[in-house]
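The values are calculated or read from the model by the stated rules, or taken from the named source; none is laboratory data. Treat the numbers as computed from the prediction; the structure is a model and nothing was measured. As a convention, Cβ positions derive from the backbone with ideal geometry for all residues, glycine included, and neighbour counts pool all protein chains shown. Keep in mind that these areas ignore ligands, DNA and RNA; they rest on the heavy atoms of the full protein, side chains included. Shrake-Rupley method; radii C 1.70, N 1.55, O 1.52, S 1.80 Å.
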Amino acid sequence: MSVPNAGVLLMDKKRAAVATALTATGISFITGALAAPETRVPNGMFYAFFSVGIAMIVMGALVAIRLNRKLHWSIPPFCIHNATTDTDERRVYLQVVPLTKAPVEQCRGQLLRVKKWAGHDWQSTELDHALSLVWSYGSASPLTLDPGVDARLNVFWRNDKGQLSLETSPQTYAINSVFRSSDTFRFDLYITAKECLPIGLSLKVYFGEQWDDIQVERL
């Protein structure tokens with residue numbers, strides 16, 4: 001789900017070319033103005049060339065920033081986090097980790113649907129509509145994602161008492177008719193942010209008999 005299509009890659013290449021061209025042209029305007037003898041370039045023309053050059057460099061930088069303002073997944077895109085909420089309970093969380101090369105605002109995650117493996121294909125379950133995911137140690141509210149920051153989205157948790165809950169807002173306790181041990185499920189996830197292309201992710205999750213036996217792979 002998260003592989004960019006050819007159109008997106010082509011647009012990125014065009015933006016990169018535009019950013020390079022603007023910057024190079026801006027530098028040429030400035031160096032040309034500085035190198036020209038004062039007797040050949042009137043003051044007004046000098047300042048005009050210099051201003052245009054600065055403006056083009058700034059525009060090139062803005063295009064480059066916009067080019068870097070996109071989401072991608074960590075490698076691997078998920079992790080299993082062991083957490084103890086109190087002395088009487090142990091939990092494991094499935095988390096996903098979106099990353100960015102430039103700050104992006106209003107980043108939020110959604111669980112689109114959960115499907116169950118039925119032996120030959122994926123079968124729809126009662127969890128067939130979008131739910132907002134909760135940020136680890138936070139809420140489901142959108143946040144600003146910064147480069148190099150390990151901000152994780154919780155998908156679900158399972159504890160040593162046999163309970164399992166989706167980490168959504170509002171929180172939904174998974175009903176027994178959907179989640180059972182020794183079954184395999186598909187979680188379709190979706191991440192969006194302001195002025196960014198969304199990214200998707202599908203995870204295959206197997207629940208073993210032991211509470212902490214959770215096997216995950218990317219589809």
| message | Name the residue that is modelled with the lowest pLDDT, counting only residues in segment 131-173 that are among the aromatic types (Phe, Trp, Tyr) and more than 21 Å from residue 194 (Cβ to Cβ). | response | 173
| request: Specify the residue that is least open to solvent (accessible area, probe 1.4 Å); the eligible residues are those in segment 181-217 that are part of a loop (DSSP other than H, G, I, E, B) and without any contact (Cβ under 8 Å) to a residue 24 or more places away in the chain. | output: 213
| remark: In segment 97-114, anything in contact with a Ser or Thr (Cβ under 8 Å, 6 or more places away or on another chain), β-branched (Val, Ile, Thr) and within 24 Å of residue 217 (Cα to Cα) is listed as 97, 114
| message | Return the pair list, or none, for Cβ contacts closer than 9 Å from residues in segment 125-146 that are under 21 Å from residue 74 (Cα atoms) and without any contact (Cβ under 8 Å) to a residue 12 or more places away in the chain to residues that are open to solvent by 50 Å² or more (accessible area, probe 1.4 Å) and among the charged types (D, E, K, R), at least 6 apart or on different chains. | response | 137/152
| Can you name the residue in segment 86-121 that is open to solvent by 60 Å² or more (accessible area, probe 1.4 Å) and touching a residue at least 24 places away in the same chain (Cβ under 8 Å) and is also farthest from residue 186 (Cα to Cα) among such residues? | 103
| said: Can you tell me which of (1) in contact with a Pro (Cβ under 7 Å, 6 or more places away or on another chain); (2) more than 22 Å from residue 158 (Cβ to Cβ) is the one residue 121 doesn't meet? | reply: (1)
| field | Selected residue [open to solvent by 30 Å² or more (accessible area, probe 1.4 Å) and touching a strand residue (DSSP E or B) at 6+ places or on another chain (Cβ under 7 Å)] from 144, 125, 168 | value | 144
| task | Would you check which residues across segment 100-111 are of a type in the set (A, V, I, L, M) and at pLDDT below 95 and list them? | result | 102, 104
